[in-house]
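Asker: Take this structure, written in structure tokens, and hold onto it; I'll ask about it next.
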Amino acid sequence: MKKIAFFLTIYSFIFFQSCKEQPLKVSRIEGEEIKITDSIASNKELNEFIAPYANHIEKEMSAILAYAPKALAKSDSKYNTAIGNMEADAVMEMLQPIFFSRTEDSIDGVLLNYGGIRSTINQGNVTTKTAYNIMPFENEAVVVRLSAEAMQELFNYLAKNQTAHPISGMQLILNKNGSIERNLVQGKPLEKDHFYYIATNDYLQKGGDHMDFLAKADTVMQMNYKLRNLFIDYFKKKDTIAPVTDERFIKLEK
Amino acid sequence: MKRKTFIQNTAAAGIFTGIGGLGLLSSSFKAPAKHITILHTNDVHSHIEPFPADDAKYPNLGGISRRYSLIENIRKENPNTLLLDAGDIFQGTPFFNFYGGEIEFKLMSKLKYDAATLGNHDFDNGIDGFNAQLPNADFSFISSNYDFSNTILDGKVKDYQVFTKDGVKIGVFGLGIELDGLVSKKNYKETQYLNPVEIAQEMTKKLKQEEKCDLVICLSHLGYHYDSDKIDDLKLASQTKDIDLIIGGHTHTFLPKPTVTKNLEGKKVLVNQTGWAGVNLGRIDFYLDQENNISAEGAAIEV
């Protein structure tokens, strides 16, 4: 009896070995997308793991930093918008001391992109969440050194696009036909052989929105300051966020 | 391959004849078909919680805790299940901004993910930020076409991995998208991007011929399809062979069902992607059998 059992073991061992060596082939495939709906029960242990993190985030995000007496949307006006002016002015104000401490030089202008204003600011409390809404991306501030020629390309780009890309420290006035009437940096016309320091974000500097004049810059200085954090710090510094449209970028009526 | 099978069959037959007294076994025994379930996600983008009830597009959908329950139920039904992610685990909610990916990796470990590949957003806190979170991941990262040898990730990301479930060998390799122009150099540092098609050919050869895998899965973050020449999952499928399934990501493509396309040899390949933010879970079931039990037309695909 024992002998047979042993024999069986050997037999099945060889049998299974030989089967295993035979390649398996796919005979049938089924595929589907399963929607994760509220009909699927959540897991208590996981919920308890997530809750403290979620609560902390909620608390931080609802922290009140400033007050906006009026709602601000990027669609409010044509060539320059209150919300865009606020963003560009905030970059100028918050970056200037950092740039000066590193270079003993000053930033001449700021250029951001209209598409980068990701949300409106609602009337009422400005919270950390507001900063996440207007700037959900991780982009950081950079400063580029541009020649007068590159600066002219910058103004030509703005004139051609006629989009309210946020600017600060610069002025662009277009004639009724769209040609440039006047472009100024720090209130002065461009000077040949002069270099200008322009603050922007790393996305635009790397060729985003085809601002090629930024990508061609010979000197790019990383500020290691996320724009979102910059806005949070700016909101903390101000009690009231009430920017207005002005004459920094306009088109003449006649 | 064919010849080897023939010799083995003959050898086995010889033994059977020798112990014909036990012929009962040889006639009634038939190896059962094997069943492997592949579950997958892509571009979850730090979406830990479900979308709120008032969300315009995905009200009350998603949520990792519900995904956990669903996956556990599927595992009860078939323990021979692999759980995979095709990248862009990071970035999209404050969970990432506040905790840098810690929660994502810890929760994926609780869900018992087997492996993931890297998406471009997984570099958002730099290669150092990714590396810092790796101790929270009890699952493998697989990337075959990112060469990390001159980076801090050297030796921490696998070229490929072979999983064995119920005796079925499943080879998984990973393909990432070109980083230049998409991710800032200061984030990906000295990571070298290698040609996905060439690497896929190398990997399938290795997994199919050397490792003798029964199934080969490509975890891809290349994107489902571009009209340009840019490499994508559908082009990859048509330019390679021996891949059974491409699990894609990057383009946030919601497919109503997995796409069945043809490879270089005219054989069927499945390409699937589950959209974005953990709204869906992809499920592919493979039934495998001995070669002689399968019809000449190959696998029947029901999607």
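Asker: How many of the residues in the range A:79-106 are touching a Ser or Thr at 6+ places or on another chain (Cβ under 9 Å) and exposed (fewer than 14 other Cβ atoms within 10 Å of the Cβ)?
Answerer: Within the range A:79-106, residues that are touching a Ser or Thr at 6+ places or on another chain (Cβ under 9 Å) and exposed (fewer than 14 other Cβ atoms within 10 Å of the Cβ) number 1.
Asker: Of all residues in the range A:64-78, count the ones that are open to solvent by 60 Å² or more (accessible area, probe 1.4 Å) and under 14 Å from residue A:164 (Cα atoms).
Answerer: Adding up the residues that qualify gives 3.
Asker: I'd like the residue in the range A:196-216 that is assigned to a loop (DSSP other than H, G, I, E, B) and open to solvent by 20 Å² or more (accessible area, probe 1.4 Å) and, out of all such residues, is farthest from the other protein chains (Cβ to nearest Cβ).
Answerer: Filtering first and then ranking leaves A:216.
Asker: Could you check the range A:175-190 and list, in sequence order, the residues that are under 19 Å from residue A:143 (Cβ atoms), part of a loop (DSSP other than H, G, I, E, B) and open to solvent by less than 90 Å² (accessible area, probe 1.4 Å)?
Answerer: Of everything in the range A:175-190, just one residue is under 19 Å from residue A:143 (Cβ atoms), part of a loop (DSSP other than H, G, I, E, B) and open to solvent by less than 90 Å² (accessible area, probe 1.4 Å), namely A:190.
Asker: Looking at the range A:36-63, which of its residues are loosely packed, with under 13 Cβ neighbours inside 10 Å and not in a loop (DSSP other than H, G, I, E, B)?
Answerer: Hits for the range A:36-63 are A:44, A:45, A:48, A:51, A:52, A:55, A:58, A:59.
Asker: Report, by residue number, each residue of the range A:25-68 that is within 32 Å of the chain's Cα centre (by Cα), facing chain B (nearest Cβ under 8 Å) and farther than 22 Å from residue B:62 by Cβ.
Answerer: A:60
Asker: Looking at this structure, is residue A:224 at pLDDT below 95 and either open to solvent by 60 Å² or more (accessible area, probe 1.4 Å) or farther than 22 Å from residue B:124 by Cα (or both)?
Answerer: Criteria met by residue A:224.
Asker: Being under 17 Å from the mean Cα position of the chain (by Cα) and within 12 Å of chain A (Cβ to nearest Cβ), is that true of even one residue in the range B:195-213?
Answerer: Yes, the range B:195-213 has at least one match.
Asker: Same structure, new question: Among all residue pairs at least 6 apart or on different chains, which show Cβ distances below 7 Å where the first residue, located in the range B:63-88, is at the interface with another protein chain (Cβ under 8 Å from one of its Cβ atoms) and the second is surrounded by 15 or more Cβ atoms within 10 Å (Cβ to Cβ) and of a type in the set (Asp, Glu)?
Answerer: B:63/B:49
Asker: Looking at B:150, B:120, B:136, which one is within 14 Å of another protein chain (Cβ to nearest Cβ) and out of contact with any helix residue (DSSP H, G or I) (no Cβ under 7 Å at 6 or more places or on another chain)?
Answerer: Only one candidate qualifies: B:120.
Asker: For the subset of the range B:134-169 comprising residues that are open to solvent by 80 Å² or more (accessible area, probe 1.4 Å) and either β-branched (Val, Ile, Thr) or part of a helix (DSSP H, G or I) (or both), which member is nearest to residue B:35 (Cα to Cα)? Write out each step before concluding.
Answerer: The first filter runs over the range B:134-169 and keeps only residues open to solvent by 80 Å² or more (accessible area, probe 1.4 Å), leaving B:135, B:138, B:150, B:154, B:156, B:158-159, B:164.
Now narrow it down to the ones that are either β-branched (Val, Ile, Thr) or part of a helix (DSSP H, G or I) (or both): B:135, B:164.
Numbers: B:135: 32, B:164: 12 Å.
The residue in question is B:164.
Asker: Name every residue in the range A:111-130 that is under 20 Å from residue B:121 (Cβ atoms) and part of a helix (DSSP H, G or I), in order of residue number.
Answerer: A:115, A:116
Asker: Go through the range B:101-128 and give me each residue that's more than 19 Å from the chain's Cα centre (by Cα), farther than 23 Å from residue B:222 by Cβ and open to solvent by 10 Å² or more (accessible area, probe 1.4 Å).
Answerer: Within the range B:101-128, B:102, B:106, B:128 meet the criteria.
Asker: Look at the range B:95-129 and say how many of its residues are out of contact with any strand residue (DSSP E or B) (no Cβ under 9 Å at 6 or more places or on another chain), in contact (Cβ under 8 Å) with a residue 12 or more places away in the chain and either of a type in the set (Ser, Thr, Tyr) or part of a helix (DSSP H, G or I) (or both).
Answerer: The number of residues fulfilling the criteria is 14.
Asker: Would you mind finding the one in B:228, B:295, B:238 that is modelled with pLDDT under 95, open to solvent by 10 Å² or more (accessible area, probe 1.4 Å) and away from chain A (no Cβ under 12 Å)?
Answerer: Answer to the selection: B:228.
The values are calculated or read from the model by the stated rules, or taken from the named source; none is laboratory data. All of these numbers come straight from a predicted model, not from anything done at the bench. Quick reminder, even Gly has a Cβ in these numbers, built from the backbone with ideal geometry, and neighbours come from all protein chains shown. SASA here: full protein model, heavy atoms, side chains in, ligands and nucleic acids out. Shrake-Rupley method; radii C 1.70, N 1.55, O 1.52, S 1.80 Å.
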